[in-house]
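Enquirer: Submitted below is the structure of interest, expressed as structure tokens.
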Amino acid sequence: MEKTALDKLVRGWTNNICLLLIILYITGSFLPLLIRKGEPLQLDLPVWTAVTHVLRTEVLPQQKWFWGILIEREAAGYIAGELYSIPIILPWIISSFLPADMTIKLICLLTGLFLSLGFYYFASRFTKPLYSMLGALLMYVACFEIITDGMWYQPFSIALGLFFWIAFEKYLKQKSMGMWAFSVILLTLVFLSHPVGSLGVILIWGASLVFHMIDKKDANTKSALFKIISMLIISIMLAAPQLVNLFVISNYKKMPIHLYPFKWKAFVGLILNVDLINRWICLLIAMTAALGFFYLAKLNKRVFLATVTIFLVTSLLLSQLLNNLRAGSFFLSGIATFSQRFQYLSLVIFLFWFSMGFSVLEKIGKAKRLAGKSRFNSARMFLPIILITIFSFYLADCFIRIVRSGRQITLGSYRERWEIDQLFEWLNQNIDKEKSRVFLEPTKGTYKWKSDYPAGSPKNCRTHMIALSDIYTSLLHVGGYYYSSSKFAYLYQGDGGSLFGMRNVEEFSEEKLLNDMRLLNCYYIVANSPQVKNFLDDLDSLECLESIGRFKIYAKRNFEPAWAFFEDGTRDGIEIQKKSPTDYLIHVEGRRKKDLIISLAFNKRWKAYCGNRRIPLVSKFALISIPIDSENQMTIHLRYEIEKKIPIAIFCIGLASMVFFARSKLFLK
């Protein structure tokens, strides 16, 4: 009994020390970014900082909570947050207490902690804390780049899935309705986080459920199955305000999927994350994981079968074989497009086996020590210690590389911030946002962070720095950074070196350029790439107003700004009496069989009324088009409406069901 109590005490202290080391490691690696002033600049982070700032300062409160967030300044009415809401709402809540730039830095830090701690708690249920800690820190190292890329919501979603798995496993053992309710809440949060995470956790949940039912010999199997299935149904109901948007997404533009030949090296590289982890370390991890794989098969068959199932399914997704099965299916096409994002779920399973592998080495060492006292047998006992030492030195090296990486750059510490400052100052002083928009050519591929990366390296120059215009200016703009989820974005935006969706010199056309400027009410163009600037310099219809560093600002000659016009380009007889991000009142002199074009991105949530009569809207040029069917004068009320009743009703039913089942004596039986 004394030995058992001592073992518990030692394990408790070891657990606390390992948790402290994880927190210190991750916080320390983020410290340079936290203490430097200004927005993080590497990769997509300026986008998140900008969106967070706009959410806090401009978006109406009722829009924030119903997952149809309207940002007029970005993409002339781009709808953010339709597929995943936690990445939108979480920054907004934190930014109520902190500046937008610090909000994003803190969220990246919390994501790294959340993911590593989720992995640690899951793995430590099957192996020692020290071995779980090594797996957790390797998980953080492997995911550091995607976290700081701005796609932190993917590992955040996977972390939620890990905590759900822990709670679900505890429920299967304890049959506690409190743990059942907690599992429902965690599963709901996963559905609210990201589609990839949602699919991943359904894999986790399904595999655990199936193998639990196979392994469990219980007379009340049907009752248990009902409770578990109800968990999924109620979670879906609670996430209804989010999931309902899957059915109302408008303007979706199917992006072309490029089919690549299957290559084993690339496939294994995705699973092991070779780009981020040294190949020799990968080999050691793979060998240790193989030991853990066979050990888990003996230790816990149900968890073993669940992890193998998840690993095989995510490996199938990573292999891109689904590309050949999509056959017009929206669902399969979406999975195939983002198949590589399942890499981190595969990595979780792989590093879990790796953590289990140390237990095997420890058992081998103990067995050999008991069998004899030869030098060879004694050396076997120290094999886990040797491997732990290797991985500790490797993690120390990773820590130094993370701290010194270009991902710690902020606007305050960047050497070329002067031209950004001067550009935003000029735009603020010279542009009236009430009259027209500005087209901002994206800066992806423009800025170079570190001299040791080649100029074209994606690790070096993918930043969307121009997105900071949402913070430092009050512009209404198109472009600035890239979104591919809507037809509007596909037509009018693009990566660096693009002009209203025209992505190379061969596509550039003065006629299309002038027509797009008219449709989007753009008077100004801010260009930065040589090919776009050379093209615009040769046009007589534009004049260059200013040159600031790599940026040139152009304006259209003889431009008459207008937010609404007829399809043929005429503007007579149109008066905008009221204009706000969600509400337009337009007086029109009737012109039968002519369409009124509103310079806003089309979305099904926009509704038009003439008195009590509803006018159907159509999409033209990816903008709102209102058919005019009368010769008389008309006053058209255009409103942005979000369906609240149905999702709220479903949410309330789900909440009531969860409370009822959690407290019901019949359900407890």
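Enquirer: Taking a threshold of 30 Å on the Cα-Cα distance, which of the pairs Lys37/Lys487; Lys227/Lys604; Lys533/Lys594; Lys444/Lys607; Lys128/Lys227; Lys435/Lys512 fall above it?
Expert: Check vs 30 Å cut-off fails for Lys37/Lys487; Lys227/Lys604; Lys533/Lys594; Lys444/Lys607; Lys128/Lys227.
Enquirer: If I compute solvent accessible area with a 1.4 Å probe over the protein chains, what percent of it on the range 524-612 is carbon and sulfur?
Expert: Carbon with sulfur: 42 percent of the solvent-accessible area.
Enquirer: Within 10 Å of each candidate Cβ there may be at most 15 other Cβ atoms; applying that plus a DSSP loop requirement, which trypsin sites (Lys or Arg not before Pro) in the range 528-563 survive?
Expert: Arg557
Enquirer: Ranked highest first by average number of other Cβ atoms within 10 Å, how do 203-210, 281-288 line up?
Expert: So the peptides 203-210, 281-288, ranked by packing, come out 203-210, 281-288.
Enquirer: Okay, next question. Pull up all non-local amide H partners of Lys594: gap of 5 or more, or a different chain, and H-to-H distance under 5 Å with H placed in the peptide plane.
Expert: Ile628
Enquirer: How much length is gained on full extension from Val659 to Glu589, taking 0.36 nm per residue of separation minus their Cα-Cα distance?
Expert: Working it through step by step, the gained length comes to 19.6 nm.
The values are calculated or read from the model by the stated rules, or taken from the named source; none is laboratory data. Everything quoted here is computed from the prediction, not taken from an experiment. Glycine also receives a Cβ, built like all others from the backbone with ideal geometry; neighbour counts cover every protein chain displayed. Surface accessibility is based on the protein's heavy atoms, side chains included, excluding ligands, DNA and RNA. Shrake-Rupley method; radii C 1.70, N 1.55, O 1.52, S 1.80 Å.
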